[in-house]
1. Can you pull out every residue in region 64-81 that is under 24 Å from ASP174 (Cβ atoms) and in contact with a helix residue (DSSP H, G or I) (Cβ under 6 Å, 6 or more places away or on another chain)?
2. Provide a single number: the residues in region 142-163 that are part of a helix (DSSP H, G or I) and either acidic (Asp, Glu) or free of Cβ contacts under 8 Å to residues at least 12 places away in the same chain (or both).
3. If the requirement is being under 30 Å from ASN112 (Cα atoms), of a type outside the set (Ser, Thr, Tyr) and in contact (Cβ under 8 Å) with a residue 24 or more places away in the chain, which of these qualifies: ILE41, ILE19, ILE45, ILE57?
4. Any residue at all in region 183-190 that's open to solvent by less than 70 Å² (accessible area, probe 1.4 Å), modelled with pLDDT of 90 or more and among the charged types (D, E, K, R)?
5. Residue by residue through region 22-38, note down the ones that are free of Cβ contacts under 8 Å to residues at least 24 places away in the same chain and basic (Lys, Arg).
6. Applying the selection to region 204-224, what residues are within 20 Å of LEU144 (Cβ to Cβ) and at pLDDT 75 or above?
7. Could you identify the single residue in PHE59, PHE132, PHE85, PHE81 that is touching a Leu at 6+ places or on another chain (Cβ under 7 Å) and surrounded by fewer than 20 Cβ atoms within 10 Å (Cβ to Cβ)?
8. Return the only residue of ILE23, ILE41 being closer than 15 Å to ALA95 by Cβ and part of a helix (DSSP H, G or I).
Amino acid sequence: MNIEPLLLSLKVAGIATFIVFIIGIISARIISRKLFPGKSILESILLLPLVLPPTVIGFGLLYLFGKNGWIGQWLMDWFGFQVVFSWTGAVIASAVVSFPLMYQSASAAFQNYDQNLENAALTMGASKIKVFFTISLPLAWPGLLAGLVMTFARSLGEFGATLMIAGYIPGETDTIPLAIYFAVESGRMEEALMWVIVILCLGFSAVLWLNTWSRRKIIFVRKA
């Protein structure tokens, strides 16, 4: 059994989730707490990947990171680095597609607790950074964890945008969704079924763990 698609999928999803987690927290923290002209437009842009077909997202990434794209040409000229047809392209595609899930979860998490706790700490002389790590982050953690799990699950199953920008190169960009598609195209139905079962188990395990953890958290809070 060739486990390269599994290892690559976990690698791509893990890196994409880490990137999205950091950027999602920072952007949600800044945007959710402020009112400014164009806020609704900005949030709509950030959430756009939720409603766009993956192929449209893939085309946009290809336009930006392709050989003649704005970013792609710059990376090639200055660093000799190519995003298209590489696992890095798969990471970028997964990150863009899954970002709205993390942003929504983080935005809700930072608004669903009493902000007076932060204000009290600031009044007592604590720095904003200390308040964030000792008060804001712990209070928002349940929502952030939910976003983290859903982001990983979504990154793991990304197909359309990945195919557009990364293509299908065995051993390089053959994530599980791509392996399933091309196995079916080649008539290797047993192999496709095997990978379907694997990704179903991974996705189900992630959602089951999140639901179980959330339920235990609710019970603990009620008892407390």
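1. LEU64, PHE65, GLY66, GLY69, GLY72, PHE81
2. Applying the first criterion (part of a helix (DSSP H, G or I)) to region 142-163 yields 142-156, 160-163.
Filter once more, keeping what is either acidic (Asp, Glu) or free of Cβ contacts under 8 Å to residues at least 12 places away in the same chain (or both): none.
Final tally of qualifying residues: 0.
3. Sole residue among the options that is under 30 Å from ASN112 (Cα atoms), of a type outside the set (Ser, Thr, Tyr) and in contact (Cβ under 8 Å) with a residue 24 or more places away in the chain: ILE19.
4. Looking for residues that are open to solvent by less than 70 Å² (accessible area, probe 1.4 Å), modelled with pLDDT of 90 or more and among the charged types (D, E, K, R), one finds none in region 183-190, hence no.
5. At the first step, the residues of region 22-38 found to be free of Cβ contacts under 8 Å to residues at least 24 places away in the same chain are 22, 26, 30, 34-38.
Answer for region 22-38, where residues must be free of Cβ contacts under 8 Å to residues at least 24 places away in the same chain and basic (Lys, Arg): just LYS34.
6. If the condition is that a residue be within 20 Å of LEU144 (Cβ to Cβ) and at pLDDT 75 or above, then SER205, ALA206, VAL207, LEU208, TRP209, LEU210, ASN211, THR212, TRP213 are the ones that fit.
7. Numbers: PHE59 fails: touching a Leu at 6+ places or on another chain (Cβ under 7 Å); PHE132 fails: touching a Leu at 6+ places or on another chain (Cβ under 7 Å); PHE85 fails: touching a Leu at 6+ places or on another chain (Cβ under 7 Å).
Residue meeting the stated conditions: PHE81.
8. Working: ILE41 fails: closer than 15 Å to ALA95 by Cβ.
The match here is ILE23.
The values are calculated or read from the model by the stated rules, or taken from the named source; none is laboratory data. For clarity, every value in this text was computed on a predicted model and none was experimentally measured. Because the Cβ atoms are built from the backbone with ideal geometry, glycine has one as well, and the counts that use them run over all protein chains shown. For accessibility, only protein heavy atoms count, side chains too; no ligands or nucleic acids. Shrake-Rupley method; radii C 1.70, N 1.55, O 1.52, S 1.80 Å.
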